[in-house]
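One structure is given below, encoded as structure tokens.
The values are calculated or read from the model by the stated rules, or taken from the named source; none is laboratory data. Not measured: the values here are computed from a predicted model. So basically every Cβ, Gly included, is an ideal-geometry build from the backbone, and we count neighbours across all protein chains shown. We work out accessible area using only protein heavy atoms, side chains counted, and drop any ligands, DNA or RNA first. Shrake-Rupley method; radii C 1.70, N 1.55, O 1.52, S 1.80 Å.
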Amino acid sequence: MEPLFQSTSLVQRAFWLVRLRWLAIATLAISAFAAREFFKISLPAQQLNILVIVLAVYNFLLYDLLKYLTWGGKNPSHKTISRMITFQISADLFILTAILHFSGGIENPFFFYFVFHMVIASILLTPRQSYLQATLALLLFGSLIFLEYNGTIPHYKLTGFVSHELYGDSLFVFGTFFVFATTLYLVVYMTTSISALLRERQQDYEQANQLLKQKDRLKNEYVLRLTHDIRGHLAAIESCLDIVNNRITGELNEKQADMIERALRRTSKCMMFVNALLKLTRMKMGGALELSFVPLKNIFFNTIAAVENKAEAKSIDLKYRIDDSIGEAEIYVEPVLIEEAISNLLLNAIKYTPEKGKVQLSAADQGDNILIEVSDTGIGVPPEEIDRLFEEFYRATNARKIERDGTGLGLSIVKQVIERHGGKVWAQNNPDGGSTFSFTLPKPPQETEKSPAS
Ligand code: ADP
């Protein structure tokens, strides 16, 4: 049967068991102390203290073993971890039985704690292993109460808690054993059934996910091929129109010149759209990023230089600012892509800001991340549409009214670029008008990791 947890998450569960055990050890030590000191219940302190120490040493060793097995990112096999968990649960059952023996046997209500082990076993192990654990628990608890009942082993009384000699009452012992046995098997039955259901759901989900990924890949391949072909045809049309427009094929009358110009304009818009779609699709299908360390300043210079003509043409005041604390910072990115993302945001800001407005590019330190923002004094975004801006082809209603040309793909490209670099991107309106488009970039690895050879 398929495991419910992959080996990496099973390792996490194994660590979780170790943490749970620390909690159990603390609970045992505190409750034994409280029972003796505050409730005046007689308990064999020495034996219980020895058990607490044994449990603590055993847990330390388990922790060390797990650390060793996973050291340096190693991923132990599913079988190894599963065996380790089986061993842990069995050992816990023995220790719990020993604790019960020294603290009242059947008269100690903590025997219910066997149920926790059954739940844990049913979640982490196969149904067969879980039923085996239930049988082991039953054998251990059964031996304990029957051996105490017939006097083969001593009974440690919980004087101060139970006044009757319940451990010697046959009806009580048999009755409790019967209820205990049915409870354990029922718990295992119910929990393993739920786990099996979860396992099935998980498999369905993983299959559906695989199918979606495959379909998405096919769609991207299809779009890539199509846009590539269209771009070839468009380039051919554009160059023919250029030749005619440049009067190489002869003079044009006014009407003909107007038609050719319109055709050229439409072709270049089409070309812009196809290029954006091609870029976005390539980005989605792209392999690993070609990362390098670049000064943030350089990226800012390059992007500002690339767009300042457009800002000047609209008399827009274009500024940039980098927080002093990261003034000399380097970022670990694919520079061409990040410059493209920032240029896209700046070009949008210039496009959607009326003449004589302001656009600012800024960078701030955010601890683990660098926050980069482009804010403007432009038209802003209708609040109910702000969450849709990063969807492919989406253009807000106010933007469509003032600027007919636009692909609605620029922000999707920005989102792809930033998310592939491990950052986040979002937009918000400024309280005093205009909007701010922000994104984060994780800070680069430490200096020492930059050049492992040095
Ligand atoms: P395009 O600008 O080609 O329409 P984008 O994907 O770059 O496509 O932007 C999507 C939409 O986001 C725009 O149509 C516009 O509605 C909105 N938008 C982007 N930048 C700004 C901005 N600086 N101010 C106001 N709206 C913006």
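Observations
- Qualifying positions in the stretch 32-41 - of a type in the set (Gly, Ala, Ser) and surrounded by fewer than 15 Cβ atoms within 10 Å (Cβ to Cβ): Ala34
- Of all the numbered requirements in (1) outside any helix (DSSP H, G or I); (2) at pLDDT 95 or above, Phe300 misses one, and that requirement is (1).
- Test: residue in the stretch 321-336 that is under 34 Å from the mean Cα position of the chain (by Cα), more than 11 Å from the ligand (Cβ to nearest atom), open to solvent by less than 60 Å² (accessible area, probe 1.4 Å) and of a type in the set (Gly, Ala, Ser): yes
- For Asp242: the one exception among (1) farther than 25 Å from Thr407 by Cα; (2) acidic (Asp, Glu); (3) open to solvent by less than 90 Å² (accessible area, probe 1.4 Å): (1)
- When residues of the stretch 403-439 are limited to those that are of a type in the set (Ser, Thr, Tyr) and closer than 24 Å to Asn275 by Cα, the one farthest from the ligand (Cβ to nearest atom): Ser412
- Beta carbons closer than 6 Å, at least 6 apart along the sequence or on distinct chains, pair a first residue in the stretch 393-407 that is touching a residue at least 24 places away in the same chain (Cβ under 8 Å) with a second that is of a type in the set (A, V, I, L, M, F, W, C) and surrounded by 15 or more Cβ atoms within 10 Å (Cβ to Cβ) for Thr407/Phe273; Thr407/Ala276.
- Selection within the stretch 7-23: residues that are of a type in the set (Gly, Ala, Ser) and touching a residue at least 12 places away in the same chain (Cβ under 8 Å). The member of this set that is least open to solvent (accessible area, probe 1.4 Å) is Ala14.
- Of the residues making up the stretch 377-402, those that are more than 7 Å from the ligand (Cβ to nearest atom) and not in a helix (DSSP H, G or I) are Thr377, Pro382, Phe390, Glu391, Glu392, Phe393.
- Hits in the stretch 349-376 (condition: near the ligand (Cβ under 10 Å from one of its atoms) and either more than 31 Å from the chain's Cα centre (by Cα) or hydroxyl-bearing (Ser, Thr, Tyr) (or both)): Ala349, Ile350, Lys351, Tyr352, Thr353, Val359, Ser375, Asp376
- Screening the candidates Ile402, Ile379, Ile413 for the property of being in contact with a helix residue (DSSP H, G or I) (Cβ under 7 Å, 6 or more places away or on another chain) and open to solvent by 60 Å² or more (accessible area, probe 1.4 Å) yields one hit, Ile379.
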